[in-house]
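Each remark here refers to the structure printed beneath this line.
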Amino acid sequence: MGKFAVTGGRPRPTACLSLLTCLSLLTCLSVTGCTSMRTGQSPEYLDQATGASVRHVSAPIIFYRAHPDVAANERQYATLVGASVNRSGRYDYLLLVYLWSTIDPRLGAGTRPGDALVLIADDRAIRLRMDAQSLHEAGIESPILPPPHSRRPPRIYRLDSESLQYIAAARKLRIQLEGDADPRPFEIWKDGRRELKQLAEAAD
């Protein structure tokens with residue numbers, strides 16, 4: 001018989017492949033929020049808790065601000081994660097912002113700087129006010145790409161798709177927290193503008 005015949009009670013290779021494929025699909029469907037992503041695209045998943053389709057960047061933009069007054073190498077960080085939420089064809093575009101520090105709690109989750117976020121993109125300042133909704137109410141059950149040192153949920157800022165595209169294409173990008181006791185802007189430490197641009201293009 002041919003090489004695909006049953007030998008010694010073992011299934012054919014094609015049967016093994018079909019079985020593995022079915023098991024993989026069943027495993028994916030059984031996992032809450034199973035994520036799908038093609039090359040060059042932002043990850044997308046169905047949030048089982050909120051019923052919303054959520055797309056987000058594959059890597060965030062991380063900003064920093066040095067604080068030599070606290071310690072020699074002390075920094076405060078702001079992680080910015082772009083996301084879109086689709087509920088029955090109605091899209092919301094969000095920026096999730098985590099404030100954190102690796103050492104001093106005064107610079108991390110315990111700080112209460114101003115609620116408004118100012119994105120300084122090239123020669124334009126875009127002011128966004130923090131949304132009062134919870135993350136769940138915004139359509140996202142669990143925090144997306146939280147930094148390891150963050151202990152609080154992210155701040156939520158809403159914007160339109162045009163502003164999202166402008167920010168993603170900016171050659172120079174900084175952020176400020178309006179009302180913060182420290183008026184200095186945060187500079188980019190890890191650049192995720194390419195990933196934000198992929199999200200913005202998906203919003204087109």
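For the range 165-177, 3J(HN,Hα) computed residue by residue from phi via the Karplus equation (6.51, -1.76, 1.60; θ = phi - 60°) reads 5, 5, 4, 5, 8, 5, 6, 10, 9, 9, 10, 10, 9 Hz, glycine and proline entered as x. The loop-placed trypsin sites (Lys or Arg not before Pro) in the range 139-204, going by DSSP, that have at most 15 neighbouring Cβ atoms within 10 Å of their Cβ come out as R151, R171, K172.
3J(HN,Hα) couplings calculated from phi for the range 127-142 with the Karplus curve 6.51 cos²θ - 1.76 cosθ + 1.60 (θ = phi - 60°) are, in sequence order, 9, 10, 9, 4, 6, 7, 5, 7, 4, 4, 5, 6, x, 10, 7, 10 Hz; Gly and Pro show x.
Laboratory data are not the source of any read-out in this text; all were calculated from the coordinates shown. Note that the structure is predicted; figures quoted are calculated from it, not measured. Cβ: placed from backbone, ideal geometry, glycine included. Neighbour counts: every protein chain shown.
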